[in-house]
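The values are calculated or read from the model by the stated rules, or taken from the named source; none is laboratory data. Values in this document were obtained by computation on a predicted structure and should not be read as measured data. Backbone-built Cβ (ideal geometry, glycine too); neighbour counts: all protein chains shown. The accessibility values were calculated without ligands, DNA or RNA, using every heavy atom of the protein model including side chains. Shrake-Rupley method; radii C 1.70, N 1.55, O 1.52, S 1.80 Å.
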Amino acid sequence: MIVAPAMSTGLPLTILWRDEHLVAVYKPAGWLVHRTGLDAGETRFVMQTLRDQIGQRVYPVHRLDKGTCGVLVMALHSDAARALAQSFEQHRTHKRYIALVRGWLPDSADVHHALKPDDAPENAPAQEAHTRFRCLARLELAESFDPRHASTRASLVEAVPTTGRRHQIRRHLKHLAHPILGDATHGKGPLNRWWAQRLGQTRLWLHAQALSLPHPMTGEQIDIACDGAALHLSVPDAADWLRLQQTLPWQGVGVSVGARIF
């Protein structure tokens with residue numbers, strides 16, 4: 001097993017792990033992975049920025065939504081790209097996400113809820129989708145968003161998807177009635193705005209915290225994580241998560257109170 005240390009290279013992108021076959025970076029929230037036909041007005045693309053930063057071509061092998069931050073892996077040559085893409089297709093990769101969600105999630109939840117692509121025809125079959133959730137901490141503020149309740153609640157949640165459907169974590173949390181805060185598509189606009197005022201920013205609170213995968217050439221397991229004080233100090237976007245944990249009165253569930261989640 002290779003435990004990859006955080007290696008900050010400064011702006012524009014922070015490199016988490018690199019050899020001659022693959023590179024892992026911290027993808028900031030608000031960046032697209034690559035140009036698409038729907039990118040009118042966008043100026044920040046991970047692929048193009050990373051290519052210019054390291055001076056060589058990069059190959060995408062998976063994606064993160066525009067609003068999601070965290071670990072993103074790219075290949076550095078076509079053979080590695082094929083091997084890594086196969087690992088994702090065959091579910092030999094393991095991902096861990098952290099999300100800030102509405103309400104108090106149960107201690108754990110195992111969601112088997114089939115999904116079909118957002119743009120699929122009405123009669124298209126849904127595809128198997130499975131995500132495991134674990135509540136890490138809960139929060140209750142003595143302010144009322146909903147007049148039916150005297151307080152407002154939220155949870156920090158670990159999400160481990162075992163399939164890779166588009167927006168899977170976001171849609172499964174909506175299915176549980178605990179949408180991710182800041183999710184403009186699957187959440188509630190008024191609640192998102194209420195939290196944005198209290199947290200001081202508007203963003204999707206979903207973080208791709210860790211990724212484990214077999215090395216495309218050797219098969220050795222690589223563990224890459226977006227955490228640690230050094231990373232948070234060097235990447236303001238990542239520091240949002242540490243500040244979220246440190247400045248609010250969380251009650252520990254999946255971890256002991258006061259333990260670092262990020």
- Task: Mind listing whichever residues of segment 78-97 are open to solvent by less than 50 Å² (accessible area, probe 1.4 Å) and assigned to a loop (DSSP other than H, G, I, E, B)?
- Result: Thr93
- When segment 173-189 is checked residue by residue, the ones that are in a helix (DSSP H, G or I) and free of Cβ contacts under 8 Å to residues at least 40 places away in the same chain are Lys174, Gly189
- Query: Is it the case that Glu122 is at pLDDT 95 or above and of a type in the set (Asp, Glu)?
  - Reply: no
- Scanning for something closer than 17 Å to Ala210 by Cβ, surrounded by fewer than 21 Cβ atoms within 10 Å (Cβ to Cβ) and touching a helix residue (DSSP H, G or I) at 6+ places or on another chain (Cβ under 9 Å), does segment 48-62 turn up at least one residue? yes
- Message: Going residue by residue through segment 159-168, is there one that turns out to be touching a strand residue (DSSP E or B) at 6+ places or on another chain (Cβ under 7 Å), open to solvent by less than 80 Å² (accessible area, probe 1.4 Å) and closer than 19 Å to Trp241 by Cα?
- Response: yes
- Message: Any residue that is in contact with a helix residue (DSSP H, G or I) (Cβ under 9 Å, 6 or more places away or on another chain), touching a residue at least 40 places away in the same chain (Cβ under 8 Å), within 15 Å of His207 (Cβ to Cβ) and not in a strand (DSSP E or B) - is there at least one of those in segment 149-172?
- Response: no
- Long-range neighbours under 8 Å by Cβ, at least six apart or interchain, first residue at pLDDT 95 or above within segment 8-27, second of a type in the set (Phe, Trp, Tyr): Val23/Trp17; Ala24/Trp17
- For residues that are within 16 Å of the chain's Cα centre (by Cα) and either modelled with pLDDT of 85 or more or not aromatic (Phe, Trp, Tyr) (or both), scanning just segment 237-262, find the one that is surrounded by the most Cβ atoms within 10 Å (Cβ to Cβ). Ala238
- Which of the residues spanning segment 191-204 are touching a residue at least 40 places away in the same chain (Cβ under 8 Å) and open to solvent by 30 Å² or more (accessible area, probe 1.4 Å)? Arg198, Leu199
- Query: Could you count how many residues in segment 166-206 are basic (Lys, Arg) and in contact with a His (Cβ under 9 Å, 6 or more places away or on another chain)?
  - Reply: 3
- Query: If Ile180 passes every condition in (1) closer than 20 Å to His94 by Cα; (2) among the β-branched types (Val, Ile, Thr); (3) in contact with a Leu (Cβ under 9 Å, 6 or more places away or on another chain) but one, which one does it miss?
  - Reply: (1)
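Here's the yes/no breakdown for (1) hydroxyl-bearing (Ser, Thr, Tyr); (2) without any contact (Cβ under 8 Å) to a residue 60 or more places away in the chain; (3) not in a loop (DSSP other than H, G, I, E, B):
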position	(1), (2), (3)
Leu64	no, no, no
Val73	no, no, yes
Ala99	no, no, yes
Trp104	no, yes, no
Ala109	no, no, yes
Thr131	yes, yes, yes
